[in-house]
Amino acid sequence: MAMSREDILQQVREILVDALGVDDEEVTLEARLMGDLGAESIDFLDIVFRLEKAFSIKIPREELFPAESLMNNPEFVSNGKLTEAGLNEIRQKLPHTNLSEFEKDPDLNKLGDLFTVNAIVNFIDSRINAA
């Protein structure tokens, strides 16, 4: 059953409001999970679990939030920034995310900024409406 982006956003918004204890109007498409909504790494597991349940899909942990595997790989990280190999890896893992700003300064500390509400909506949309 196909869902509109608006329906997906509404579901995602409800999940994030419940999981993070934020207000409905704070959950905009541009909102960053960590920077704007105060999510911590432990919250990502909860969010993935809730998304799987709400949309009846399976989400491999690294597929939606692939930061961990990147940060611990010396081939992908040098002096606190992603290398070209690291950027290529993240492009493959996050096709649903706009990386243009991040690519200008691929600082690991900014990796969390990539996890926006819009990125989640794009991800869910591609998963449930792809078939």
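Descriptive notes on the structure:
- Over the stretch 66-113, relative contact order from alpha-carbon pairs under 8 Å, at least 6 apart, %: 37
- The angle between the Cα long axis of helix 41-55 and the main principal axis of the chain comes to about 40°, on a 0 to 90 degree scale.
- Cα shape, the stretch 11-55, gyration tensor, a/c 1.5 rule: oblate
- Here the simple spin-label model places points 7 Å from the Cα toward Cβ, and for ASN129 and LEU29 these points are separated by 1.1 nm.
- Spatially close lysines, pair count over the chain: Cα under 24 Å, gap of eight or more or interchain: 7
- Shown for the chain is the translational diffusion coefficient from the Stokes-Einstein equation, using the Kirkwood radius over Cα pairs, a temperature of 25 °C and a viscosity of 0.890 mPa s: 162 µm²/s.
- Over the chain, Cα pairs under 8 Å with separation of 6+ residues give a relative contact order of 34 percent.
- For VAL77, nonlocal amide neighbours, meaning residues 5 or more places apart or on other chains whose placed amide H falls under 5 Å from its own, are THR83.
- Within the stretch 81-113: backbone nitrogen closer than 11 Å to the GLU75 label point (7 Å, Cα to C-beta): 85-86, 89
- Per-pair calculated FRET efficiency, R0 = 25 Å: ASP113 and THR83 via Cβ, rounded to 0.05: 0.85
- Fully extending the segment from SER100 to SER4 would add 32.0 nm, taking 0.36 nm per residue of separation and subtracting the current Cα-Cα distance.
- Calculated from backbone phi, Karplus (6.51, -1.76, 1.60) coupling profile of the stretch 33-38 in Hz, x at Gly/Pro: 4, 7, x, 9, 9, x
- Fluctuation leader among ALA67, ALA39, ALA85 - the chain, Gaussian network, Cα springs under 10 angstrom: ALA85
Read the figures in this text as sums done on the coordinates, not as results from a lab. Since we're looking at a predicted model, the values are computed, not measured. Here Cβ is always computed from backbone atoms with ideal geometry, including for glycine, and neighbour counts include all displayed protein chains.
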